[in-house]
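Worksheet for the structure shown next.
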Amino acid sequence: MTVSGTVIQQWDLRTGKQRARFDTKTFRPRSGAGDGPQTTVSAYPAANRVAVLTVGDPVVRIVDLATRRTTSTVKTVDDAQHIQFDRSGRYFALARGTDIFELWRREPLRKELGPLRSFAEQPGTPVAGRFLDSEGRFLLAANSTVQTYDIGKHRYLDSYDFGRLADGTTGEPSTKKYSFIDVSKDGKTVLYSDEHGIGGPLALDPAKWQRKLCRTIAYRTFTADEQDRLPARVSGHSVCPGP
């Protein structure tokens, strides 16, 4: 599927031929001159269907591209900017305004979590989020943290704090945050970068981080200065007991 302007096109991967075409202009208010409000298109967990959100309109429409018909709707909020459904269609993530991110249940329709703190504190810096299953688990990478939420239990399950970037000249902690570009489907790897675009894939595996760190520092204890730079306090026992 491709989106160009207001036009959604579905293609056959083998032949390259267009299978379906739909113009979302039909959902825009007829308000006269100009290009009209922005429209975003996102995946929906059903064959040939997509979710169409028009900024300023709280109603999200689920469209069957094959028939060009709206099969169902979800009423959200007036300032919704983007929507992402989980694999079951029972839950969705909603980006609002410029810095509000919420997790919702579809039936009965209600907000379950949000605004999520890590998103609201970092407007303008790239973030990444993804549903991990059909049970309401959602991973959000933002504001130099990675957190996995359980919508049904109204809490987060895991949290990773990467602290602050180091200044390239002085080595001191800077005010800049890590950017997150994408998340793997299983939620075990994030793609990140620093303020200079340097980064890459990072496996969310603390045990692996510990082994690599301990080999790097030859299994010694942290100095007082190193402990002060850590994003979280380290308990009294040694992080690196020995090879």
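Taking His196 and the conditions (1) over 29 Å from Leu132 (Cα atoms); (2) of a type outside the set (D, E, K, R); (3) within 23 Å of the chain's Cα centre (by Cα); (4) surrounded by 12 or more Cβ atoms within 10 Å (Cβ to Cβ), which numbered condition does it fall short on, given that it satisfies the others?
(4)
Checking Ala47 against (1) surrounded by fewer than 15 Cβ atoms within 10 Å (Cβ to Cβ); (2) assigned to a strand (DSSP E or B); (3) not basic (Lys, Arg), which single condition isn't satisfied?
(2)
Please pick out the residue among Thr71, Thr98, Thr40, Thr6 that is within 30 Å of Gly152 (Cβ to Cβ) and surrounded by 14 or more Cβ atoms within 10 Å (Cβ to Cβ).
Just one listed residue meets the conditions, Thr40.
Among (1) within 26 Å of Lys188 (Cβ to Cβ); (2) of a type in the set (Asp, Glu); (3) touching a residue at least 24 places away in the same chain (Cβ under 8 Å), which single condition is Asp150 missing?
Here Asp150 clears every test but (3).
Taking region 137-150 as the search range and keeping residues that are under 24 Å from Gly89 (Cβ atoms) and surrounded by fewer than 23 Cβ atoms within 10 Å (Cβ to Cβ), which one is farthest from the chain's Cα centre (by Cα)?
Asp150
I want to confirm something. Restricting to region 63-95 and keeping residues that are of a type outside the set (Gly, Ala, Ser) and touching a Pro at 6+ places or on another chain (Cβ under 8 Å), which single residue is nearest to Pro37 (Cα to Cα)?
Only one residue tops the list, namely Asp78.
Of all residues in region 208-223 being outside any helix (DSSP H, G or I) and touching a residue at least 12 places away in the same chain (Cβ under 8 Å), which is surrounded by the fewest Cβ atoms within 10 Å (Cβ to Cβ)?
Only one residue tops the list, namely Arg220.
Among (1) under 30 Å from Gly242 (Cβ atoms); (2) assigned to a strand (DSSP E or B); (3) modelled with pLDDT under 90, where does Glu226 come up short?
Glu226 satisfies every listed condition except (2).
Of everything in region 9-37, what is basic (Lys, Arg) and either surrounded by fewer than 13 Cβ atoms within 10 Å (Cβ to Cβ) or at pLDDT 90 or above (or both)? Give them in sequence order.
Arg14, Lys17, Arg19, Arg21, Arg30
May I ask you to say which residue of Phe138, Phe85 is at pLDDT 95 or above, more than 15 Å from Phe180 (Cβ to Cβ) and among the aromatic types (Phe, Trp, Tyr)?
Checking each option against the conditions leaves just Phe85.
Kindly indicate which of Asp186, Asp167, Asp161 is among the acidic types (Asp, Glu) and modelled with pLDDT under 70.
Going through Asp186, Asp167, Asp161 in turn, the sole match is Asp167.
Report, ordered by the first and then the second residue, all pairs with beta carbons closer than 8 Å, sequence separation of six or more or different chains, a first member in region 182-199 that is free of Cβ contacts under 8 Å to residues at least 40 places away in the same chain, and a second member that is loosely packed, with under 15 Cβ neighbours inside 10 Å and in a loop (DSSP other than H, G, I, E, B).
That search, which allows pairs on different chains as well, returns Lys188/Asp205; His196/Gly168.
Just checking, which of Gly152, Gly124 is modelled with pLDDT under 95, part of a loop (DSSP other than H, G, I, E, B), on the phi > 0 side of the Ramachandran plot and not aliphatic (A, V, I, L, M)?
Gly124 is the lone residue from the list that is modelled with pLDDT under 95, part of a loop (DSSP other than H, G, I, E, B), on the phi > 0 side of the Ramachandran plot and not aliphatic (A, V, I, L, M).
Anything in region 53-88 that is in a strand (DSSP E or B) and either within 18 Å of the chain's Cα centre (by Cα) or on the phi > 0 side of the Ramachandran plot (or both)? List them, or say none.
Leu53, Ala80, Gln81, His82, Ile83, Gln84, Phe85
How do the pairs read when you match residues in region 38-60 that are under 12 Å from Gln81 (Cα atoms) with residues anywhere that are exposed (fewer than 14 other Cβ atoms within 10 Å of the Cβ) and acidic (Asp, Glu), using Cβ under 8 Å and keeping only pairs 6 or more apart or on different chains?
Filtered contacts from region 38-60: Gly56/Asp78; Asp57/Asp78; Pro58/Asp78.
Across region 186-214, what is the number of residues that are closer than 19 Å to Gly242 by Cα and in contact with a strand residue (DSSP E or B) (Cβ under 7 Å, 6 or more places away or on another chain)?
Count: 0.
The values are calculated or read from the model by the stated rules, or taken from the named source; none is laboratory data. As the structure is a prediction and not an experimental result, all values here were calculated from the model. Ideal geometry is used to build each Cβ from the backbone, glycine not excepted, and the neighbour counts take in all protein chains shown.
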